[in-house]
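Q: Handing you a structure now.
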Amino acid sequence: MALIADILLVAGALGAGLYCQVLSRRLRKFTDLEKGVGGAVAVLSIQANDLTKALVDAQETAANSVATLDDVNNRAEASARRLELLIASMHDLPESPKSAPSPFFVRSPQQMETA
């Protein structure tokens, strides 16, 4: 009976050793920096850094655009105020004559009869 227990104990130890060997190989492949999850984590880390740089660039571009739009808006408001002032000053001008002289030379009827 003791001999059978010893044989089962040795078989169990060998099975556990073989199981640990297989797990060790799988874990080594799993954390491999080129093919496994370690590689995926490294690639994701690089992509996160690239996205951070792109985000910073986009924020700087947006800030520059806001500054430019603010400047253009201020200039447009100043021009609108000047135009309103000019239109208001147009109301003070005298009325234009009803019949404006023709820009073309026309002989008067008196000159045509004497000629």
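Q: What do you reckon, is ALA88 part of a helix (DSSP H, G or I), small (Gly, Ala, Ser) and surrounded by fewer than 10 Cβ atoms within 10 Å (Cβ to Cβ)? Please lay out each step first, then the result.
A: Details: part of a helix (DSSP H, G or I): yes; small (Gly, Ala, Ser): yes; surrounded by fewer than 10 Cβ atoms within 10 Å (Cβ to Cβ): yes.
Considered against the rule, which asks whether it is part of a helix (DSSP H, G or I), small (Gly, Ala, Ser) and surrounded by fewer than 10 Cβ atoms within 10 Å (Cβ to Cβ), ALA88 comes out as yes.
Q: Within segment 31-39, is there a residue that is of a type in the set (S, T, N, Q), part of a helix (DSSP H, G or I) and free of Cβ contacts under 8 Å to residues at least 24 places away in the same chain?
A: Filtering segment 31-39 down to residues of a type in the set (S, T, N, Q) leaves 31.
Those left that are additionally part of a helix (DSSP H, G or I): none.
No - not one qualifying residue is present in segment 31-39.
Just so you know, all these numbers are worked out from the coordinates, no wet-lab data involved. Remember, it's a predicted structure, so these values are computed and weren't measured experimentally. A quick note on method: Cβ atoms are made from the backbone with ideal geometry, for glycine too, and the neighbour counts reach across all protein chains shown.
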